[in-house]
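**Q** Sending over a structure as structure tokens; questions will come in a sec.
The values are calculated or read from the model by the stated rules, or taken from the named source; none is laboratory data. Everything quoted here is computed from the prediction, not taken from an experiment. Virtual Cβ from ideal backbone geometry, glycine too; neighbours counted across all protein chains shown. Quick note on the areas: whole protein, heavy atoms, side chains included, nothing else; ligands and nucleic acids left out. Shrake-Rupley method; radii C 1.70, N 1.55, O 1.52, S 1.80 Å.
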Amino acid sequence: MSSKSMTKISFMLSLLMTVVLPSDASEMNASTDSVQSSRKAWNYTARLGMNVGGTAPIGMPATIRSMNYYELQPNFTLGIDADYLLTDSWGILTGIHIDNKGMNVDATVKNYHMVMTKGGDELEGHYTGRLVTKVEEAMVTVPLQAAYLAGSKCRLRLGPYVSYVYSRSFKGYVYDGYLRYMNPTGEKIMIGNDENSRGTYDFSDSMRRIQLGIGAGTDWQFGQRWGLYADLQWGVTGVHRSSFKTIEQTLYPIFGTVGVSYRLK
């Protein structure tokens, strides 16, 4: 091949590289900008799960001797979360959830301070026997959490939440026991096990409308959009107002949640 041909080929290669390389560089910059803009954008996730737990004191008091049964309730939660990635690993998450949190339990208690209604009369004192409590709460919850990407498919979350309780009920009955009227050595009033002889109570009006708590959770993506999640919500305010003194122990809402998630964006 002649030197003239070699010179011509070298010129054409140089020209081709001059045209292609700026184009590749511009595509790389565009791709980087796209990733950065995606990283800085809000992403949205829908969630559907089930809450399992109850309202309970911190630690088992001596007045509660045993739990005889616990009945699962249809405590569903539905929500939409928005998350924003601040760095490659850390972000923030907020959202709005519609929650049901309820429980139905039967316990054996001893010298348990109670106010109840029996035969149309209101009685107060220290009760020993069986006690059934059914709690129902429906609320709107707004979490605010720090989110950490522990891998390409796993995310950890932690932060406070606030709930507005728009429907509430705390009621039940006592049976197969007795009440010491007004004090532990007062008159002994027998409590039966049918509707006419047992005592009933309703503390619904003393429940809080606003609840505060701490939530922790994890997300795991098993597909491009679908995932699983698990949460723990621990209330730091009791379900009753601080002025409520009938039940001596403060009862906190403590619930775990498992469910599925779907990434909308």
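**Q** Exactly one condition in (1) in a loop (DSSP other than H, G, I, E, B); (2) farther than 25 Å from E71 by Cβ; (3) open to solvent by 90 Å² or more (accessible area, probe 1.4 Å) is not met by N196; state its number.
**A** (2)
**Q** Kindly indicate whether any position in the range 186-193 is under 25 Å from H113 (Cα atoms), modelled with pLDDT under 95 and in contact with a His (Cβ under 9 Å, 6 or more places away or on another chain).
**A** Yes, the range 186-193 contains a residue that is under 25 Å from H113 (Cα atoms), modelled with pLDDT under 95 and in contact with a His (Cβ under 9 Å, 6 or more places away or on another chain).
**Q** Another one. For the range 213-228, indicate whether the set of residues that are closer than 26 Å to Y127 by Cβ and either out of contact with any Ser or Thr (no Cβ under 8 Å at 6 or more places or on another chain) or aliphatic (A, V, I, L, M) (or both) is non-empty.
**A** First, the residues of the range 213-228 that are closer than 26 Å to Y127 by Cβ: none.
Looking through the range 213-228, none of the residues is closer than 26 Å to Y127 by Cβ and either out of contact with any Ser or Thr (no Cβ under 8 Å at 6 or more places or on another chain) or aliphatic (A, V, I, L, M) (or both).
**Q** Of the residues T94, T45, T77, T55, only one is modelled with pLDDT of 65 or more, in contact with a His (Cβ under 7 Å, 6 or more places away or on another chain) and either assigned to a strand (DSSP E or B) or of a type outside the set (S, T, Y) (or both); which? Explain how you work it out, then say what you get.
**A** Details: T94 fails: in contact with a His (Cβ under 7 Å, 6 or more places away or on another chain); T45 fails: in contact with a His (Cβ under 7 Å, 6 or more places away or on another chain); T55 fails: in contact with a His (Cβ under 7 Å, 6 or more places away or on another chain).
Of T94, T45, T77, T55, the one residue that is modelled with pLDDT of 65 or more, in contact with a His (Cβ under 7 Å, 6 or more places away or on another chain) and either assigned to a strand (DSSP E or B) or of a type outside the set (S, T, Y) (or both) is T77.
**Q** Being among the small types (G, A, S), surrounded by 16 or more Cβ atoms within 10 Å (Cβ to Cβ), more than 23 Å from W42 (Cβ to Cβ) and touching a residue at least 40 places away in the same chain (Cβ under 8 Å): is that true of G259 here?
**A** On the way: among the small types (G, A, S): yes; surrounded by 16 or more Cβ atoms within 10 Å (Cβ to Cβ): yes; more than 23 Å from W42 (Cβ to Cβ): no; touching a residue at least 40 places away in the same chain (Cβ under 8 Å): yes.
So G259 fails the test.
**Q** Can you list residue pairs whose Cβ atoms sit under 9 Å apart, with the first residue in the range 79-90 being without any contact (Cβ under 8 Å) to a residue 12 or more places away in the chain and open to solvent by 40 Å² or more (accessible area, probe 1.4 Å) and the second being part of a strand (DSSP E or B) and of a type outside the set (G, A, S)? Count only pairs 6 or more apart in sequence or on different chains.
**A** Taking only residues 6 or more apart or on different chains, the pairs are L86/I92.
**Q** Check the range 240-252 and report whether any residue there is outside any strand (DSSP E or B), among the aromatic types (F, W, Y) and crowded, with 16+ Cβ neighbours inside 10 Å.
**A** As a first pass, look at the range 240-252 and keep what is outside any strand (DSSP E or B): 241-251.
Checking which are among the aromatic types (F, W, Y) leaves us with 244.
This time we only want the ones that are crowded, with 16+ Cβ neighbours inside 10 Å, so: 244.
There is at least one residue in the range 240-252 that is outside any strand (DSSP E or B), among the aromatic types (F, W, Y) and crowded, with 16+ Cβ neighbours inside 10 Å.
**Q** A further question follows. How many residues are touching a Pro at 6+ places or on another chain (Cβ under 8 Å) and open to solvent by less than 10 Å² (accessible area, probe 1.4 Å) if we restrict to the range 103-124? Break it down into steps so the answer makes sense when it comes.
**A** Filtering the range 103-124 for residues touching a Pro at 6+ places or on another chain (Cβ under 8 Å) gives 111.
Pick out the ones that are also open to solvent by less than 10 Å² (accessible area, probe 1.4 Å) and you get none.
So the count comes out to 0.
**Q** Of all residues in the range 125-141 being of a type in the set (D, E, K, R) and touching a residue at least 40 places away in the same chain (Cβ under 8 Å), which is surrounded by the most Cβ atoms within 10 Å (Cβ to Cβ)? Working first, answer last.
**A** Going residue by residue through the range 125-141, those that are of a type in the set (D, E, K, R) are 130, 134, 136-137.
With the extra rule that they be touching a residue at least 40 places away in the same chain (Cβ under 8 Å), the set shrinks to 130, 136-137.
Working: R130: 19, E136: 17, E137: 25.
Filtering first and then ranking leaves E137.
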